[in-house]
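Below is one structure, written out as structure tokens, with a few remarks after it.
Please treat every number below as a calculation from the coordinates, not as lab data. What you see is a predicted model; the values in this text were computed from it and never measured. Positions of Cβ are backbone-derived with ideal geometry, glycine not excepted, and every protein chain shown enters the neighbour counts.
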């Protein structure tokens, strides 16, 4: 055997002996093997876990506690249960901000302080009235429209609900929409809603308010031979109606004026069409399926033109309008080759969103709105959707599609005095 081979054998033997000695030390002699392992691990310059902190505050102070304390993180998970799509409602009580949400499927009403403390069940779903709750639209902390899963078999597929409180605790009262209600949208002011009901081979559309009890009766404003719609009440005079999306089907979007019942055809013949319109119905953000890819585009309603949003590949469901010319999107690390939005809706593909970007369509400027890893330690990538801001724009919310957890990001350090 040559000299080089002898050296290799000796080094290997030393490594084996050293490893055995380490195991004996940890499990036979050390009082706490885990602590001993961590102490040994910290003695080496490589291989330990890194710690990410808020880059705007590298040194914590007594008034701004260490960012590894969850309840003081600017980005934190709020819910203890999967939330119904549509998010939650914030309100102020005793000079503190609180959040109410309804759990997905169970239909229970919960409340939690915005800092993550005092999580309580306000109203259980003992009667099963809200079982199957899938989507909600909040008007305020006491009024919500609840939508259950289609074909769920539950009695109350869609209901408008008012919560109240007395000495005996929380109660509810509400109206049930017609059994064959298919779609709905709440007005920007929160005092009215639009809904469609099966009529023959098509649908009729109605507007109504959240007052009264018993069965909902609305004012007829729309009729169509197309049955499946996705509705959004974007501005006071514009309800958007988009055909249900699929990458296999050419989609269409219409604008309905609920005041004079006028209907205009805005977008047509776009495969995989998903839309989201700003609060004065001047721009619509939309997706176009490219079979194994997807494009994000912007439609100008005044000019009747569209353009691709360059450098941003994401789904419209992962975006929200912050202002009439500013929108924010969660951006996946990558979009695997699939048919969109079908694959994402069906759960065949899931995304890891590492950044949220803000786009100003007036200045054509794109910037990072939120980099979760920089503001919260140990953050794991989420698949964000159902994005929204509270009325003050101090808090930004999103739901993780993977878990159903509700997250909140404090957009300003002084948004809440705790």
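Structural remarks
- With a cut-off of 18 Å on the backbone N, the residues of the stretch 91-135 near the modelled label site 7 Å out from residue 166 along Cα-Cβ are 123-124.
- Mean separation of Cα contacts under 8 Å, 6 or more apart, over the residue count of the stretch 350-418: relative contact order %: 22
- The Cα atoms of the stretch 266-418 give a gyration tensor whose axes a ≥ b ≥ c have a/c of 1.5 or more with a/b no greater than b/c, which makes the shape oblate.
- Label-zone membership for the stretch 303-323, site residue 268, 7 angstrom Cα→C-beta point, backbone N under 11 Å: none
- On a per residue basis, the convex hull of the C-alpha atoms belonging to the stretch 317-406 measures out at 118 Å³.
- Spin-label model distance (nm) - residue 367 vs residue 237, 7 Å beyond Cα toward Cβ: 3.4
- Whether the stretch 181-239 is rounded, prolate or oblate, judged on the alpha carbon gyration tensor where a/c under 1.5 counts as rounded: oblate
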